[in-house]
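Q: Dropping a structure here in structure tokens format, bear with me for questions.
The values are calculated or read from the model by the stated rules, or taken from the named source; none is laboratory data. Treat the numbers as computed from the prediction; the structure is a model and nothing was measured. Because the Cβ atoms are built from the backbone with ideal geometry, glycine has one as well, and the counts that use them run over all protein chains shown. The protein model used for the area step is the full one, side chains on, heavy atoms only, and it has no ligands, DNA or RNA in it. Shrake-Rupley method; radii C 1.70, N 1.55, O 1.52, S 1.80 Å.
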Amino acid sequence: MERARHLLVVDDDREIQALLHDFLVKHGFRVSTAGDGREVRRQMAQWTIDLVILDLMLPGESGVELCRSLRSESDIPIIMLTAVAEEAERIICLEIGADDYIVKPFSPRELLARIRALFRRTGATAAPQEREAPSAGEVHFSGWRLDTGKRELRSPDGVLVHLSSGEYQLLTALLDRPQRVVSRDELMEFYKGDALSPFDRSIDIQISRLRRKIEASSRDPTLIKTVRGIGYQFTATVTRPA
């Protein structure tokens, strides 16, 4: 029997905490709540958290700062809650490492759909100890090494580079299609179910984040080339040692 996925709801509004707690528990999740960064770290140290729902506006340490901190330490899925509907605010959420965002006021059912979609695309539909172990394997490109069993990326110098779930999914999609021009529509298929519009910039932002981690210069990329008007091309030779 699978253990219930453990979600952490981070919001200083106790009414929102209570609403989301009761709604998500009703739909089979285990839910903890926190109102600030200090409480988040206490909860993270105490429990194995599978996904964080994080409000952008928090007292003390902001949601932006907290998201950056969490992303620097792990690839835990993060959904940001923001009260601002402007595109610039949504882009900030994605650029700092969030996997998705939802604008207040929102329907709890939409949040539930986004949580389930995020778990689907990260392959996290079951608890870690209950999932069938992924087949071990490595993918090499330009001195980089991706361990697909452990979901670990190491630089040519052997440094472990943290990837968000979205960055990992995007990288594996590109590695499966080396030297091929991949359209944005094809890449968006990996985010199916997240209610993206045809003009959503999520893919472009994820590409930008990934470039900053694997390119010598993100302003002059050599591994992930932009093919204007179509999509992207992963130019490196990809090998999969036996």
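Q: How would you rank 8-20, 209-221, 69-81, highest first, on the average number of other Cβ atoms within 10 Å across their residues?
A: Result, highest mean Cβ count within 10 Å first: 69-81, 8-20, 209-221.
Q: Please provide three numbers in whole Å: the alpha-carbon extents of region 1-40 along the principal axes, with the largest listed first.
A: Its Cα atoms span 33, 19, 6 Å along the three principal axes.
Q: With r defined as the distance between the Cβ atoms of Gln179 and Glu87 and R0 fixed at 51 Å, what FRET efficiency is calculated, to the nearest 0.05?
A: 0.95
Q: Go ahead and estimate [θ] at 222 nm for the chain from helices alone: -39,500 (n - 2.57) per DSSP H run with n ≥ 4, summed, over the residue count, rounded to 500.
A: -10500 deg cm²/dmol
Q: On to the next question. Return the carbon/sulfur percentage of the accessible area of the chain, one whole number, probe 1.4 Å, all protein chains in place.
A: 50 percent
Q: For the residue pair Ile230 and Arg120, what label-to-label distance in nm results when each label sits 7 Å from Cα along the Cα-to-beta-carbon direction?
A: For the pair Ile230/Arg120, the computed spacing is 2.9 nm.
Q: What is the calculated FRET efficiency for Lys26 to Glu186, with r their C-beta to C-beta distance and R₀ = 45 Å, to the nearest 0.05?
A: Efficiency, rounded to the nearest 0.05: 0.80.
Q: Just the accessible area per residue of region 26-89, please: how many Å² with a 1.4 Å probe?
A: Per-residue accessible area for region 26-89 comes out at 47 Å².
Q: Follow-up question, since we're still on this one. According to a simple spin-label model (label point 7 Å from Cα along Cα-to-Cβ), what is the distance in nm between Ser208 and Glu73?
A: 2.7 nm
Q: Can you work out the Karplus-derived ³J(HN,Hα) for every residue in region 31-47? Use 6.51 cos²θ - 1.76 cosθ + 1.60 with θ = phi - 60°, whole Hz, and x for glycine or proline.
A: Here the 3J(HN,Hα) series is 10, 10, 10, 8, x, 7, x, 4, 5, 4, 5, 5, 5, 5, 6, 8, 10 Hz.
Q: At 0.36 nm per residue, and after removing the present C-alpha to C-alpha distance, how many nm does the segment from Val103 to Trp47 gain when stretched out fully?
A: Contour length minus Cα-Cα distance gives 17.4 nm.
Q: Quick check: convex hull over the Cα atoms of region 1-75, volume per residue in Å³, rounded to an integer?
A: 83 Å³
Q: Sticking with this one: Whole angstrom only: what separates the Cα centroid of region 203-242 from the Cα centroid of region 29-93?
A: With region 203-242 and region 29-93 each reduced to a Cα centre, they are spaced 27 Å.
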